[in-house]
Every structure is written in C-alpha cells, then in structure tokens.
Amino acid sequence: MNHRHRRIISCLTLLSVIALSFPALAADKRVMTEVDLFKFTWIADPQISPDGSRVAFVRVWVNQKADRYDTALWIVPTSGGPSRPLTSGPRDSSPRWSPDGKRLAFNRSAEKEGRPQPSQIYLLTFEGGEAQPLTEMPRGAGGIDWSPDGKTILFSSAEESNAEESAMESEMKDKTSERKSDVRVITRAVYRSNGAGYLNPKSHSHLWTVSVPDAPGQMPKPRQITRGRFDEGNASWSVDGSRIYFVSNRVLEPYYEPQRTDLYSVAQDGSDEKKVLNFDGGMRGYQFSPDGRRIAFGGTVGHKPVLSYTQPDLFVMNNEPNATPKNLTASYDFDIGGGIGGDQRAPRGGGGGGGGVVWSRDGRSLYVNVAEHGRANLKRIDAMTGKVEALTSGDHEVQSYTATADASKMALLVSSSVNIGDIFLLDTASGRMTQLTRINDELFSQINLTHPEEIWYTSFDGKKIQAWIQKPPNFDPGKKYPFILQIHGGPHAAYGFNFTHEFQWMAAKGYVVLYTNPRGSTSYGQDFGNIIQHNYPGDDYKDLMAGVDEVVKRGYIDTNRLGVTGGSGGGVLTNWTVGHTTRFRAAVSQRSIADWAGFWYTADFTLFTPTWFRAAPWEDPEDFVKRSPITYVKNITTPMMFIEGEADWRTPANEGGEVMFRALKYRRVPTVMVRFPNESHDLSRSGAPWHRIERLQHIVNWFDKYLQDKPIKIYDVE
C-alpha cells in the first residue's frame, strides 16, 4: 500500500468518524412536506398469476398538471427483479388473470373530447400486441370474473328498467316541447349518495357475459343474464362453471328493515334462478371451497334489537338451498375483513381487490384478513372448528391480497407507519414474506420519517384505550411542544399501523400528534364497539380527554398550546369537545355534524332503524338536542375552522360546519369556513390533489396562528 492510498483511507476514516458524530450529515434527510403528496406513488389491486410467477397491479400517481390521479397496469416477477409497465394508462384498472395465466382482462376508461368515457373491459395477451376492447356498453362494464374454462367473462353493467315507460315519456316530450326537462321527481328516502350525487332510481346493475375471442380484433356481442327492477352484484362463477352466483336485495325500500343479504344462482343463460341463502345481516364477499360444496363469507349477523356496531365474523355453509351458516369466529374480539383508517390508500381509479376469503387447497382452512388492536394481518382459520392461528404478524396493515390457484402463495399489499404500501409474496405453508416492490423508496430515502409511539392508557372507568403519539423528527423530551389531538370518524372505525401523511406532516411542522381509538372504535370486539350506541358523543369524549391527560403527564407538552381536529365522526367530537372544555386554544372541525335532527333528515343514508337513535327527531326531541354539539355552542370560546366539501352528501355542510360557523360568528368567536368545490366526504382521502394539499395547509395554518402565534393574514377579517 503506497502513501497516497494510506492518505485516502485516513481521510475516509475521518469522514466516517465525523458522520457518526453528526447524524444529520450521515442521514442528510429533510422533513416531510404537504406537497410530497404530488410525489407519492400508490399500489392497488395486486393480482397474483394462477401459477404464482407474477403479480399484476395498478400503479397510481398524481398528474399534477391535470390535478388528477392517473393509473396504469404494472407487473412484477415473484422470483425477484424490478417491476415494469404493462399499459401506459392513464385510466387502466382491475387486472384479472385468465385461468391459464396467458391473458389479462382489465378496465379502461378512454377519453373523448377531453372527457373520460364509461369504463370498458379490455383484453391483453402476453404473446404481444396492443390491448383489445372486449365491450362497448353504453354505461360501462366492470366486476370482471373469468369462467373456469377461460372462454367467457362475467361482468356487470347498468341499464334503465321500465324501457317502455321511458320511451313513452320521451314521445310525450317530443310532442309537447323540444325542451328536455331537468326536473327531478323523488319518491325514495335514499335519493342521493356521497360521491355519486343524485341517483337514478330507474338505473340498475345487471349481469352479462361475453365470449373471449380467439383472434385479435373480434368483439363478440355480450349476452344479458339478469334483468328487472333490482340490482345484482358480487357475481361469480360456480367451481364447475355451470352456474352464476350473485347477491341481490329485492326490496324496493330496504331502509325500513334491518340489513339482509340474499344469495342467488342462475344457469349460464339466466334461467333456473334459485335462492341459495337469505342471510339476516350483511355479507362481505363469498368464496366457494375447492370442491364447490361449501361457501365461506365474511359478514355481520343481524341482531334484535338493532345494534349500532356489529362485529364482522367468518361464516361457512353448505352450498345448498336453505343451508344454515355457521359462525366460526363469534368468540373472538377481532374484525373479519380488516380495515384500519388512514389517508393514503390508492385514490380514485385505483380499483378494488380487498381480498375476501381464501380457501386452502385441501378445503380444511380459510385465510382471511383480520383487524385487531390497530393492526391488520392474515389469519388461518380451521373451516370446521374455527380454530385460529396467525398467518402474518407485525405492526402493519395488510390492505389487500390474492392467492394462486392452489393457495400456496399470496400477493399482499402491506402498509406501515412509514410505508404507503408495497407488494409482498407470502408462502402460506411457512408464513415467510418476501418484499417484491419498493415503490416509494427513492422518495422516502430523502425524508426523515418517524415511527409513532404506541401507548395504552386507562380511561375514567378503567377501560384500556390504545393510542399512538407521532413526535417531531429529532424530538427532544426536554422541550415543550405544541400538541394536536386527532379524532377518527366512523364512529365505528380505527386508527392503527398504516401510513398517514397528515400525521407525519404535522409532526414535521413541530407538533406532537396524538391519535387514539376511543370506545366505539373497531378491532376491539363487539362490546367495545357497540358501547356508544345511543350515547354518542358521550363517554368516547372522556376517553379522548384521558388520552390528552396521559400525554401531558409526560412533561413535553405545552398545555397552553393544545389543538384538536377530526373529520366526519371526528368532526362531531371536535364540535362536542370545544363545547365541553376550554383547554384547547384552536380547533379544526372537518365535514362534521352540529345538529343531529338536521342530519337525520338530510344525510345520504337513512337512520330509519334504531342504530344511533331510538326514534325519529320529533318522537324523541330531547335526545337529539342533548347529543347535538350546536346545543352547547354558548360554551365555546375556542377559535374554530370548519372544512367542508361542497359535494358532501354524507354530512351535508348545512347541518355541520355552516351551522357552527354562523352561530360562532353571531357570538363573535374567531371562526372561518373553508369550502372545497366539487369535493365529497372523501376529500382528505381521494380529493383532487391540489385540494388535499390546500386542506392540509389550511389546517396547519390555523394551528400555527393560534398555537404558535404565527401571523396568518388569510384568516383576518378584511
């Protein structure tokens, strides 16, 4: 070794010592920003090939120029190696493998004069060539399911019923006037829906089949399987391909009754319809055993009296008329189907692919996703005895999954507190997981992300409550930090171990963030979830305040700089909180409810069964007044911001933020309302990218103004 080499090594050694002494130089990472949303990439709907060699998935990204989300199909080998694109998008979704693994059917929404058209089914072969259209349905086609022999595709499409009546109406209009009326005649209690807007009561989703062409360029004519005044959905082929199964609730106004699910089957030509199951409750997907003799499904069994929250369980039944489903998981305190709240699932256009029930090859076991204590993992459940064992474990959320033909391998989409979501390969025999994608690694390698601290604390009546503390990067326990309490919606929902941009960004802005699962939250069992029925808001508020006290006791919170925010049910509790305590210096209530009676009359779903309230507003007015946050507006001194989507029919603004805003203006309490055009109740999760960023900016600016005394002139009265 010469002198020059020794000098180089000495310099490298010195640089290493310096880097170890100054972590900032070693890491050289920046903090999370709100505009990082533009750089995020999401994965959705991972579909493993029948032989387990490849996984097709939907890649979702922000088209910043168009202020939208674009999607394309990608593929990754399970043996290792980089993923690559299959299509260029910008609106491709829902890949589905043919049984032989040689073709993919998927949905594509083309553009005409700059406007997206109804989504159609396309076919892509791996022998080369462009994707070919398979349908031209006027209202689009979806719900792709290949027949077992790979010769036919089952799908759903909407059409209008009462075609003769519609034709007669059109003829009368032609005779009387050239003007087409835009008047809506509404006869049903549910007449609009969050996101979808006003509903067409004559439009129904029915089932169709189309033959798969042997040669490119052919487009066989689809065949309609079901008709009538009711929707059919969740359709699939029987194991032998002889029949088609589907779910339908054939009641004109189902909101008068507790939820129920009817499972039907028909022959391939739509004849010989049979009712397989009349289930008193809600069915969450179903799957046939390998021999076709049994059906497994996740569902919520009906209760009398009706409950506000019903724990989802796993059921198995014989595939025969009038069979009685057996509940395999009634004795367990977890939710079949998973479900942890966050703001970073693939936004609009990402497609489905939740997972559902997977049978083992021998029919002895069932694989399902389970939400438990803020985590979502796969369990293996004995199909006869209900014995449960863990298939995956960890501080994460398994969001969706699919299995090979023999169920020996599964492709999982997994999110954690520091990972939006990547695909993993699971060996079901050993439980071994192998990461296949690293979709955001390059971006996240530049950002100083922090893991939240999981805590459990004791509430006022001894109940144990789970929560998480998101601390700023380079947190110093000797300092005093401003604090934000985050409250989830639902109210039957749960926070947990998945990636939430909002919490990471607030922490990066110097706030300690507490997010907690008070009573009423899911993933803790039936009793914990339903305990707030007819008492919401109520003791859940006490759980939240006990959580704030727990963090304050740790000594690093400035109690003169406390903020609170939440959306939907969290907005309700935000309104309630500031009406019952003055400890918070600022609050941001998002898509909230202030007047329960007004909400009862105007929300997009009905409360005709006694879930949250025992009766209608005029039948029990005292209860509605007692539980409405507007009742306590005279107590509010906290400066409040209200975030509203102008297309939100779940919690209409005129029963939430508008009510509170006008009342506080009357009382001269500092307040502001921020309204987002064309945004639904899902603004924070799948709103237009720029709107999502502006929402974050407004929330943190409000807290900066009142918790950190920063001059934010946009909120000053002109």
Open item on the list: Return the Rg/Rh ratio of the stretch 249-361 with Cα-based radii and a Kirkwood Rh.
Closed with: 0.99
Task: Average Cα contact separation per residue, the stretch 465-713, under 8 Å, 6 or more apart, as relative contact order % - done: 18
Task: trypsin sites (Lys or Arg not before Pro) within the stretch 192-281, DSSP loop, no more than 12 other Cβ atoms inside 10 Å - done: R229
- [ ] Check cross-link reach from K463 to the lysines: straight Cα distance under 23 Å, and skip same-chain residues fewer than eight apart.
- [x] K542, K553
Open item on the list: Quick check: net charge around G520, other residues with Cβ under 15 Å of its Cβ, Lys/Arg +1 and Asp/Glu -1?
Closed with: -2
- [ ] In debye, nearest 20, what is the charge dipole magnitude of the chain about its Cα centre with +1 on Lys and Arg Cβ and -1 on Asp and Glu Cβ, if you could check?
- [x] 1760
Open item on the list: Cut-off under 24 Å on the C-alpha distance; same-chain residues fewer than 8 positions from K29 excluded. Which lysines are left, in chain and number order?
Closed with: K39, K471, K479, K480, K509
Open item on the list: Under 8 Å for C-alpha pairs, at least 6 residues apart: give me the relative contact order for the stretch 451-574, rounded to a whole percent.
Closed with: 35
- [ ] Quick one, could you list the DSSP H helices from the chain stretching 15 Å or more along their long axis (Cα atoms) with average Kyte-Doolittle hydropathy of 0.0 or above?
- [x] 3-21
- [ ] Please give, to one decimal in nm, the separation of the simple spin-label points placed at Q64 and K626, each 7 Å out from Cα toward the Cβ.
- [x] 5.3
TODO: Would you compute, from DSSP H runs of 4+ residues alone, the mean residue ellipticity of the chain at 222 nm, taking -39500 (n - 2.57) per run and dividing by the full residue count, rounded to the nearest 500?
DONE: -5000 deg cm²/dmol
TODO: Enter the mean projected area of the convex hull around the alpha-carbon atoms of the chain, in nm², rounded to one decimal.
DONE: 38.4
TODO: Could you list the residues of the stretch 293-326 with an amide nitrogen less than 11 Å from a label point located 7 Å from the Cα of V251 in the Cα-to-C-beta direction?
DONE: none
Task: Principal axes of the stretch 395-516: Cα extent on each, largest first, Å - done: 54, 42, 25
Open item on the list: Below 19 Å, Cα to Cα, which lysines can K326 reach? Residues fewer than 8 away in the same chain don't count.
Closed with: K275, K304, K379, K387
- [ ] In nm, give the distance between the simple-model label positions of D441 and D461, each being 7 Å from the Cα along the Cα-to-Cβ direction.
- [x] 4.9
Task: Loop-located trypsin sites (Lys or Arg not before Pro) in the stretch 619-718 whose Cβ has at most 13 other Cβ within 10 Å (DSSP) - done: R667, R668
Open item on the list: I'd like the FRET efficiency for K274 and T581, computed as 1/(1 + (r/R0)^6) with the beta carbon distance as r and R0 of 51 Å, rounded to 0.05.
Closed with: 0.30
Task: Sparse-neighbourhood loop sites, GluC sites (Glu not before Pro) in the stretch 439-529 - DSSP loop, at most 12 other Cβ within 10 angstrom - done: none
Task: Length-normalised contact order for the chain - Cα pairs under 8 Å, 6+ apart - percent - done: 11
TODO: Quick one: plug the Kirkwood hydrodynamic radius of the stretch 465-713 (C-alpha pairs) into Stokes-Einstein at 37 °C, 0.692 mPa s, and report D in µm²/s.
DONE: 180
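Here, each number is a calculation from the coordinates, and none is a lab measurement. Just so it is clear, the model here is predicted, and its values are computed rather than measured. Glycine gets a Cβ as well: all are built from the backbone with ideal geometry, and neighbour counts include every protein chain shown.
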